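Engineer: Below is the structure I would like to discuss, written out as structure tokens.
The values are calculated or read from the model by the stated rules, or taken from the named source; none is laboratory data. Worth saying up front: this structure is predicted, and the values here are computed from it rather than measured. Every residue, glycine among them, receives a Cβ derived from its backbone with ideal geometry; neighbour counts consider all protein chains shown.
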Amino acid sequence: MELGFGIIGCGLIAKFHARAIADVPGAHLAACFDVVESASKKIAEEFGCKAYHDLDAMLADPNVQVVTVATPSGAHLEPAVAAANASKHVIVEKPLEITLDRCDAIIRACEKAGVVLSTIFPSRFHQSSQLLKQAVENKRFGKLTLGDAYVKWWRTQQYYDGGAWRGTWKLDGGGALMNQAIHSVDLLLWLMGPVADVTARTALLAHERIEVEDVATAVLRFQSGTLGVIEATTAAYPGYLKRIELHGDQGSAVMEEEDITKWDFAQALPGDEELRRKMAERLSGGGGASDPAAIGHHGHARQFADVVDAIRLGRKPLIDGREGRRSVEVILAVYRSAETGEIVKLPLPADPVLRAREVGVAGLSR
């Protein structure tokens with residue numbers, strides 16, 4: 001039996017979810033919901049599903065077993081909890097939520113309901129990311145010494161002006177870090193392990209009429225003792241490929257977007273040269289460097305397939321709610337350090353955010 005999916009929030013990201021669901025064996029898009037009637041009708045007409053304008057009605061639909069939450073970041077909690085309470089499995093677009101309290105509320109609701117919860121981080125499913133992870137686990141880097149993430153993207157002023165939720169603490173939860181660079185933050189933590197403390201600076205330098213940062217820099221000390229750097233911006237015209245760098249006393253590797261551009265180890269293994277040759281033949285596009293609509297949906301499809309498999313086998317998905325929470329915690333630590341000028345140690349207390357934020361509105365288009 002195929003699993004029926006329902007999408008909550010029918011903005012830009014909903015189309016990526018719909019295309020990804022269509023590519024997953026054993027899954028189909030059954031329904032979509034948005035508080036804006038025209039938005040859900042548009043998705044329904046394009047992808048052949050039922051449009052809802054009442055969330056409770058969609059969650060009561062027996063043809064929907066899994067929901068994907070594609071509302072603005074600070075409005076993930078309410079629909080995710082409603083879905084869990086309706087015994088639907090839940091997939092939440094990144095970030096899981098914008099405060100730790102709200103992340104934890106989603107996790108608790110899904111655990112109580114006994115449903116699968118997954119946070120969208122499709123970059124982990126790329127072949128290049130998997131190769132880096134294998135190299136770390138096989139100790140090919142020797143002693144890791146540096147782990148860095150660079151996201152130097154460009155967003156126009158029109159991008160921020162085009163969505164009232166964008167660039168706000170209340171619904172975006174932050175700027176270049178929380179919205180754009182969180183994928184790379186997640187990858188860095190997955191590869192390097194837990195962070196011990198953070199020192200950071202943020203600034204708003206190139207955009208107007210937003211509350212959040214468009215430039216952020218952070219120095220990380222991982223629990224292993226390894227150091228690292230995060231640089232994130234939406235103020236670097238024209239926008240460049242995101243980059244992950246791993247360095248150790250026995251090897252180094254660099255990944256740009258989905259391509260490995262450096263793969264150098266003191267102890268060569270059969271297959272290294274072939275990997276370098278194959279990667280040299282690949283050339284990633286710009287991804288989301290300058291156009292948020294230019295990303296592919298293949299990573300989403302691989303993650304949705306993992307969730308379908310997890311549901312059928314009764315296991316945890318590869319990226320569950322607690323995995324999704326980790327990057328939010330580090331980003332909040334960056335914001336706290338930037339605001340106080342202090343080194344911030346992790347783990348954080350339940351919600352260290354210094355700015356008061358009101359609850360978001362469920363069902364808005366992302």
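Engineer: Pairs only if they're at least six apart or on different chains, beta carbon under 9 angstrom, first in segment 308-319 and of a type in the set (Lys, Arg), second part of a loop (DSSP other than H, G, I, E, B) and surrounded by 16 or more Cβ atoms within 10 Å (Cβ to Cβ); list them, first residue then second.
Structural biologist: Arg315/Val116; Lys316/Val116
Engineer: A follow-up question, please. Among (1) more than 30 Å from Asp61 (Cα to Cα); (2) touching a residue at least 12 places away in the same chain (Cβ under 8 Å); (3) of a type in the set (S, T, N, Q), where does Thr119 come up short?
Structural biologist: Unmet condition: (1).
Engineer: Let me ask you something else. Say we look at segment 1-28 and pick out the residues that are assigned to a loop (DSSP other than H, G, I, E, B) and touching a residue at least 40 places away in the same chain (Cβ under 8 Å); which of these is nearest to Val90 (Cα to Cα)?
Structural biologist: Among residues in segment 1-28 that are assigned to a loop (DSSP other than H, G, I, E, B) and touching a residue at least 40 places away in the same chain (Cβ under 8 Å), the one nearest to Val90 (Cα to Cα) is Gly9.
Engineer: Follow-up. When you scan segment 212-236, how many residues do you find that are of a type outside the set (A, V, I, L, M), in contact (Cβ under 8 Å) with a residue 60 or more places away in the chain and surrounded by fewer than 18 Cβ atoms within 10 Å (Cβ to Cβ)?
Structural biologist: Adding up the residues that qualify gives 1.
Engineer: Quick one: Ile7 ticks every box in (1) of a type in the set (A, V, I, L, M); (2) at pLDDT 95 or above; (3) surrounded by fewer than 17 Cβ atoms within 10 Å (Cβ to Cβ) except a single one, so which number is it?
Structural biologist: (3)
Engineer: Also, I was wondering about something else. In this structure, is Gly239 at positive phi, surrounded by 14 or more Cβ atoms within 10 Å (Cβ to Cβ) and either at pLDDT 95 or above or outside any helix (DSSP H, G or I) (or both)?
Structural biologist: yes
Engineer: With respect to the numbered conditions (1) under 20 Å from Val254 (Cα atoms); (2) of a type in the set (A, V, I, L, M); (3) in a strand (DSSP E or B), which one is the sole condition not fulfilled by Val185?
Structural biologist: (3)
Engineer: Are any residues in segment 29-72 in contact with a Lys or Arg (Cβ under 8 Å, 6 or more places away or on another chain), touching a residue at least 40 places away in the same chain (Cβ under 8 Å) and over 23 Å from Arg312 (Cβ atoms), and if so, which ones?
Structural biologist: Ala70, Thr71, Pro72
Engineer: Would you pick out the residues in segment 276-302 that are over 30 Å from Gln158 (Cβ atoms), modelled with pLDDT of 75 or more and either outside the structural domain of Tyr159 (by TED's automatic domain parsing) or surrounded by fewer than 19 Cβ atoms within 10 Å (Cβ to Cβ) (or both)?
Structural biologist: Kept after step one, since they are over 30 Å from Gln158 (Cβ atoms), are these residues of segment 276-302: 276-282, 302.
Add one more test, that the residue is modelled with pLDDT of 75 or more, and what stays is 276-281, 302.
Residues satisfying the conditions are Arg276, Arg277, Lys278, Ala280, Glu281, Arg302.
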